[in-house]
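The values are calculated or read from the model by the stated rules, or taken from the named source; none is laboratory data. Here the structure is a predicted model, which means the values were calculated and not measured. As a convention, Cβ positions derive from the backbone with ideal geometry for all residues, glycine included, and neighbour counts pool all protein chains shown. Calculation scope for accessible area: heavy atoms of the full protein, side chains included, ligands and nucleic acids excluded. Shrake-Rupley method; radii C 1.70, N 1.55, O 1.52, S 1.80 Å.
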Amino acid sequence: MNAIEVENLYHRFADGTVGIDGITLMIRKGDLVVLAGPNGSGKTTLLRHLNGLLLPDRGRVVVAGIPVSNNVAMARQKVGMVFQDADSQIVGETVHDDAAFGPENLCLGKVEINQRVQSALKKVGLLGLSNQRPHLLSGGEKRRLAIAGILTMEPEIVVFDEPFSSLDYPGVRQVLGEILALHHSGRTIILATHDLEKVIAHADRLIIMNRGKVVRDGLPADIVKDVEQFGVRAPCAIRTGGEFQSWMS
Amino acid sequence: MDELTAFGFYPAGSLLHRLDARFKLVFLVSISIAGLRAEWLALVTLTVFAGIVLLVSRRSLFSILIEIRYFIVFLLLICFVRSISTQGTCLIKTMFFSITQEGIRDGILISWRLLLVVLFGMAFIATTRPSDIRAGVAWFLKPLPFIPHKKVATMIGLVVRFVPVIFNQARETANAQKARGIENRKNPVYRLVRLGLPLVRRTFENADKLALAMEARCYSENRSDPDLSSGVHDWFAAVVVFFLCVFTIVL
Amino acid sequence: MNSASQMHMMVYASLLAALTAAGAYLAIPIGPVPIVLQNLFIMLAGLLLGSRWAMASVGVYLLAGACGLPVFAGGTGGIGKFLGPTGGYLLGFLPAAFFIGMISERTGHRVVFDILAMIGGTLIIYIFGIAWLMVVTGMSLVKTLAVGMFPFLIGDGLKIAAAVPVARALRPVIKPKGREECVINQTK
């Protein structure tokens, strides 16, 4: 069963540059997929097609059997997105309010919203900070709040855009821990990064993008040796000939 | 200022915290308006009441004084201007101005009233969750035509959320410019532009990202209504405040 | 306007309101009276957002203050601030932003008219501010002007001069846009 099907997708920006140049991709339910590529390779653009922030010029994107263009609202509920800049993803004036933003938009009842917020904050370990103001959180906490904010919408697929950028080591471990927990709970994870080191040990599949195209797609162990020719630094383990090391251990 | 503590909601479970935000808004407005007409006896009563309210709200006197120190300077200024600009019995006469008894009396009266209004405002903020304030305001806007109350509530929420971010940015920008010697430039327009432009630009870049993130989280104007509930204790408080206001105006 | 660009304008208006709130505390320390940035942002709201959204922005700012959020100069907000001595200025922000936005929109963002619009807007703020200050303090018009207007005029002139290049640099960034264009900004 495929969580996401991308068929022959093209995207051209208003200024004429090509963002996505013909991508066809099936993503299996429950996989943790790492999307690698240098800046400007089209990772972010592709991700934004998955929840209808962008709509295709040509081709189509199907989430859980329904084309995104037909039902954008549903796609956004099914595909939760954690942005690169957690700071500007946070909308609420307290931790609790921010986590409640999504379900409020879904017009849920207050009891249901509170229940979801409590359980999402508990999952990411921020329950004790419910009344805290978001800008006082650490980098790792902010990103965990961003994760909680989409968990409350109960997505089946969670998309991360550069989740580790500008985090310190404990921050990376916290966020990676959340990502793995989501994966273990059966959700499909798509994670775009140019920094393979931190996550490659846990990936089921690696997709390398360059100039709007998918240039490699397969098991991490098989294709990771090719990444450097596309402008992504290979993980240390490859360079030294060892095994992938998890950042969690 | 960094923390902007006055934004500070101090979570606790006091009676004031449990009152409905809508009621508290009405209380605040009516006491403020009544307070601006209060004479001496009423002022004393209101001050005692404000003292009780602040005590219940669990704010320390010291932190309150720190917070309103500039306001107190401002009040002293009013006192002074008032005391030299009112006709009456002369107390001190200098070459430029004379201080009158009536002036001092009026100055103190006006300053006291303004101080009370501010103290009640602080008690309100300290005991009311920002989202509840927002919800309360939205509730009052509901019956007004042409004003999309849910949109307004969201916008106020964004203001509260972004003021500290803008402060941080302003400080960073100013420091970066100081590091490169902007203080040697005496042209104020140049410095206004150098500080204002990056600040607004960064803010607007944030706005673009924020709008996208809100879209990704299914933002729609048709959102769940905020949760506000009133009970017997709200009505009881309303009676107390009502009599207090009547008392203040009549005296 | 589609809903995406509506939302963009809404976010811009909110953030300009936040800038105005922060501007009450931000000052450039030059000369004896530091130049507070607040009314610079009121003018920019008019120039950048246009009449309707500028008024929404200032309205939200005032409303946030009225609910007791400390967004006004002096730190302590609340409905009482409108009844206090500086309440007139605050109220004057609303028509001033609308006026600046309206003139600037209708004259195609030409510099001369932008400046005239800002001078007009500043006057509107003072008309409201001075009138109310007279009522509250019971001072004569001359004294009120001496306390409540003359000391700030130079600063206002400087801010008008500064608003022109800022508005010109930022207008291309925020002209009402559809989804496509904003994403370009994103991916750059």
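Normalised per residue, the accessible area of chain A is 39 Å², obtained with a 1.4 Å probe and no contribution from ligands, DNA or RNA.
In order along the stretch A:97-107, phi translates into HN-Hα couplings of 4, 5, 4, 7, 4, x, x, 5, 5, 7, 6 Hz, rounded to whole numbers, per the Karplus curve 6.51 cos²θ - 1.76 cosθ + 1.60 with θ = phi - 60° and x for Gly and Pro.
With a bin width of 10 angstrom, please list the P(r) values of the stretch B:130-225 as percents of all Cα-Cα pairs, from the 0 bin to the one holding the largest distance. Calculated over all Cα pairs of the stretch B:130-225, the distribution is 13, 33, 26, 17, 10, 1 percent. Here the simple spin-label model places points 7 Å from the Cα toward Cβ, and for C:Val135 and B:Tyr10 these points are separated by 3.4 nm. Based on DSSP, what percent of beta bridges with both residues in chain A are antiparallel, to the nearest 5? Expressed as a percentage, antiparallel bridges in chain A total about 50.
Springs between Cα atoms under 10 Å define the GNM used for chain B, and in it the highest mean-square fluctuation of B:Phe74, B:Phe146, B:Phe236 occurs at B:Phe146. Taking 7 Å steps out from each Cα toward its Cβ at B:Gln101 and A:Tyr10 produces label points 9.3 nm apart.
Given 0.36 nm per residue, what is the gain on full extension from B:Val48 to B:Phe242 after removing their alpha carbon distance, in nm? Intermediate values should be presented prior to the final figure.
Details: separation 194, 0.36 × 194 = 69.84 nm, distance 1.62 nm.
Roughly 68.2 nm would be gained on extension.
Along its principal axes, the stretch B:53-103 has C-alpha extents of 47, 18, 13 angstrom, given from the largest down. Stokes-Einstein diffusion for the stretch A:2-240, with the hydrodynamic radius set to the Kirkwood value over Cα pairs and evaluated at 4 °C in a medium of 1.567 mPa s, equals 71 µm²/s. If R0 is 30 Å, the Cβ-Cβ spacing of A:Asn71 and A:Leu180 corresponds to a FRET efficiency of close to 0.50. With θ taken as phi - 60° and the Karplus curve 6.51 cos²θ - 1.76 cosθ + 1.60 applied, the whole-hertz 3J(HN,Hα) list for the stretch A:203-213 is 7, 8, 7, 10, 10, 10, 10, 8, 6, x, 10 Hz, x standing for glycine and proline. Rounded to the nearest Hz, the phi-derived 3J(HN,Hα) couplings of the stretch B:210-215 under the Karplus curve 6.51 cos²θ - 1.76 cosθ + 1.60 (θ = phi - 60°) are 4, 4, 5, 5, 5, 4, where x marks glycine and proline. GNM remark for chain A: springs join alpha carbons under 10 Å apart, and the peak mean-square fluctuation among A:Asn71, A:Asn105, A:Asn131 falls on A:Asn105. The B-C contact accounts for approximately 5500 Å² of buried accessible area, totalled over both chains at a 1.4 Å probe radius.
Counting only residues at least eight positions apart within a chain, or on another chain, the lysines with an alpha carbon under 23 Å from that of B:Lys209 are A:Lys43, A:Lys78, A:Lys142, B:Lys150, B:Lys151, C:Lys175, C:Lys177, C:Lys188. Compared with the direct C-alpha span, the chain from B:Arg18 to B:Leu41 gains 5.3 nm at full extension, assuming 0.36 nm per residue. Largest mean-square fluctuation among A:His135, A:His96, A:His202, in a Gaussian network model of chain A whose springs join Cα atoms under 10 Å apart, belongs to A:His135.
Among the trypsin sites (Lys or Arg not before Pro) in the stretch C:83-169, those located in a DSSP loop and surrounded by at most 16 other Cβ atoms within 10 Å of their own Cβ are C:Arg110.
Close amide-amide hydrogen proximity is noted between A:His11 and A:Gly19, A:Ile20, A:Asp21, A:Gly22, each under 5 Å apart and 5 or more residues distant or on a separate chain (H modeled in the peptide plane; Pro and chain starts excluded). Here's the list of lysines a cross-link from B:Lys178 could span, going by alpha-carbon distance under 21 Å and ignoring same-chain residues fewer than 8 apart: B:Lys186, C:Lys159.
Residues B:Thr45, A:Thr152 ordered from highest to lowest accessible area at a 1.4 Å probe: B:Thr45, A:Thr152.
Computed on the Cα atoms alone, the convex hull of the stretch C:3-187 gives a volume of 121 cubic angstrom per residue. Highest mean packing first, where packing is the average number of other Cβ atoms within 10 Å per residue, the peptides B:52-59, C:134-141, B:195-202 line up as B:195-202, B:52-59, C:134-141. Taken over the stretch B:153-204, the alpha-carbon convex hull comes to 70 cubic angstrom per residue. May I have the pair-distance distribution P(r) for the protein assembly as shown, computed from all Cα-Cα distances with 20 Å bins from 0 and rounded to whole percent? Whole-percent P(r) values from 0 Å outward: 17, 46, 29, 8, 1. Given R0 = 25 Å, the distance between the Cβ atoms of B:Ile147 and B:Glu205 translates into a calculated FRET efficiency of 0.30.
For every helix of n ≥ 4 consecutive DSSP H residues, a contribution of -39,500 (n - 2.57) applies; sum these over chain B, divide by its total residues, and give [θ] at 222 nm rounded to the nearest 500 deg cm²/dmol.
Only helices count here, giving -24000 deg cm²/dmol.
Reported to the nearest whole Å, the Cα centre-to-centre distance from the stretch A:33-57 to the stretch B:189-251 is 35.
Heavy-atom accessible area with a 1.4 Å probe sorts A:His194, A:His11, largest first, into A:His194, A:His11.
Computed over protein heavy atoms with a 1.4 Å probe, the carbon and sulfur contribution to the accessible area of the protein assembly as shown reaches 62%.
One equal scatterer on each Cα of chain B, no solvent, Debye formula: the resulting log10 I(q)/I(0) at q = 0.12, 0.14, 0.15 Å⁻¹ is -0.96, -1.12, -1.17.
Accessible surface of A:Tyr169, taken over heavy atoms with a 1.4 Å probe and every protein chain present, rounds to 130 Å².
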